[in-house]
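Asker: Below you'll find the structure I mean.
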Amino acid sequence: MYYRADQPHGLKHNPFKALVAPRPIGWISSLSSDGTMNLAPFSYFNAITDSPPTVLFGCNGPHPEGGVKDTAANVRDTGEFVVNMVTADLKDQMNISSAHVSRSVSEFEEAGLTPVGCEIVSAPRVKESPVNLECRLVQIIQLRSSSPKVVNNLVIGEVVGIHIDERILTDGMVDIAKYRPLARLGYMDYTVVEETFAMNRPD
Ligand SMILES: Cc1cc2nc3c(=O)[nH]c(=O)nc-3n(C[C@H](O)[C@H](O)[C@H](O)COP(=O)(O)O)c2cc1C
């Protein structure tokens, strides 16, 4: 089948997210300018460079109370955020933290997670997550939106500090079988990365 992206696809559900899969989940913690801690998952997320390490995520759509989502507002106001990686055993807490709650509510509390201080940025990190990337905002790019209700903000951040729980390491290497990162598929589906294989490059 083929469909133009601006025309109806004719399927039961939009297949786009199921096609670009799996996607890692950046669990973004941030601090509002009045000091409220915020946490939300983003699967339009990835790493894009490694010297320096840089990540990006798409913070799209409105906040139910109006304006942009808390994450985009906090990152814009403070210039900082933390990417906490989601593992299989944190799936329920991640899901709870995605609820559309009032700006004054901290998803850390809602999900029963422990905020701990960072080394460089003021935003808190999730203690229960084995990988935390402290980030400084590089740029927010507002992308075209095809809906008047949706604002599409592409947030780019430079990673300035990296926390790794040594329990996910074997012989100094990240051990995927211990790490078990959660990834998003389409619809309401997820997968856990547990198996790997290696392949050398041709040159
Ligand atoms: C697994 C998962 C992935 C998500 N990915 C995104 C995403 O990439 N972009 C986005 O805008 N919202 C995404 N959401 C929805 C946000 O997490 C949700 O709107 C959240 O309430 C935003 O919180 P905030 O207002 O505190 O920033 C996702 C939700 C889940 C459960």
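Asker: Residues of the chain: accessible area per residue at 1.4 Å, in Å²?
Answerer: Numbers: 12160 Å² over 203 residues.
Spelled out: the 1.4 Å probe surface of the chain, per residue, equals 60 Å².
Asker: Once phi is turned into ³J(HN,Hα) by the Karplus curve 6.51 cos²θ - 1.76 cosθ + 1.60 with θ = phi - 60°, what whole-Hz value does each residue of region 62-71 show in order, with x for glycine and proline?
Answerer: x, 7, x, 8, x, x, 7, 4, 4, 4
Asker: Ignoring any ligand, DNA or RNA, what whole percent of the accessible area of the chain comes from carbon and sulfur when the probe is 1.4 angstrom?
Answerer: Numbers: 6340 of 12160 Å².
That fraction is 52 percent.
Asker: Moving to a separate point now. Under the Karplus relation 6.51 cos²θ - 1.76 cosθ + 1.60, θ = phi - 60°, what is the ordered set of whole-Hz ³J(HN,Hα) values for region 160-177, x standing for Gly and Pro?
Answerer: Once rounded to whole Hz, the list reads 10, x, 10, 9, 10, 6, 5, 5, 9, 9, 10, 6, x, 10, 5, 9, 4, 5.
Asker: Taking the Cα centre of the chain as origin and charging only Cβ (+1 Lys, Arg; -1 Asp, Glu), how large is the dipole, in debye to the nearest 20? Write down the numbers at each step before the final one.
Answerer: Values: 18 positive and 24 negative charges, 174 e Å.
Dipole size: approximately 840 debye.
Asker: Here is a further query. If amide H atoms are built 1.01 Å from N in the plane of the peptide, which residues on other chains or at least 5 residues away come under 5 Å of the amide H of ILE28?
Answerer: ALA40, PHE42, ASN84
Asker: ASP92 versus LEU143, label points 7 Å from Cα toward the beta carbon: distance in nm?
Answerer: Output for this residue pair reads 3.3 nm.
Asker: Beyond 21 Å between alpha-carbons counts as too far, so tell me which of LYS69/LYS149; LYS17/LYS91; LYS69/LYS127; LYS91/LYS127; LYS91/LYS178 fall in that bin. Don't jump to the answer; show the numbers that get you there.
Answerer: Values: LYS69/LYS149 12 Å; LYS17/LYS91 19 Å; LYS69/LYS127 23 Å; LYS91/LYS127 15 Å; LYS91/LYS178 15 Å.
The answer is LYS69/LYS127.
Asker: Sticking with this structure for a sec: Cα centroids of region 151-198 and region 7-26: how far apart, whole angstrom?
Answerer: Computed from Cα coordinates, the inter-centre distance equals 21 Å.
Asker: Just want the answer: with Cβ charges of +1 for Lys and Arg and -1 for Asp and Glu, which residue in ASN153, MET1, ILE176 is farthest toward the dipole's positive end in the chain?
Answerer: So the residue furthest toward the plus end is MET1.
Asker: If you look at just the Cα atoms of region 144-203, how large are its Rg and its Dmax in Å?
Answerer: Reported Rg and Dmax, both Å: 17.8, 52.
Asker: In whole Hz, what ³J(HN,Hα) sequence does region 100-107 give by Karplus (6.51, -1.76, 1.60; θ = phi - 60°), x for Gly and Pro?
Answerer: With the stated coefficients, region 100-107 comes to 7, 9, 4, 4, 7, 9, 9, 5 Hz.
Asker: For a quick size check, give me the Cα extents of region 46-177 along its three principal axes, largest first, whole Å.
Answerer: The principal-axis extents, from largest down, are 51, 35, 27 Å.
Asker: Another question, then. What FRET efficiency comes out for the pair SER104/LYS17, r = Cβ-Cβ distance, R0 = 30 Å, nearest 0.05?
Answerer: Efficiency, rounded to the nearest 0.05: 0.50.
Asker: Please work out the Cα center distance from region 99-121 to region 66-87, rounded to the nearest Å.
Answerer: What the calculation gives is 11 Å, centre to centre.
The values are calculated or read from the model by the stated rules, or taken from the named source; none is laboratory data. These numbers were taken from a predicted model, which means no experiment stands behind them. Neighbour counts are summed over all protein chains in view; Cβ atoms, including those assigned to glycine, are modelled from backbone coordinates with ideal geometry. Ligands, DNA and RNA are stripped out before the accessible areas are found, and what is left, the full protein with its side chains, is counted by its heavy atoms. Shrake-Rupley method; radii C 1.70, N 1.55, O 1.52, S 1.80 Å.
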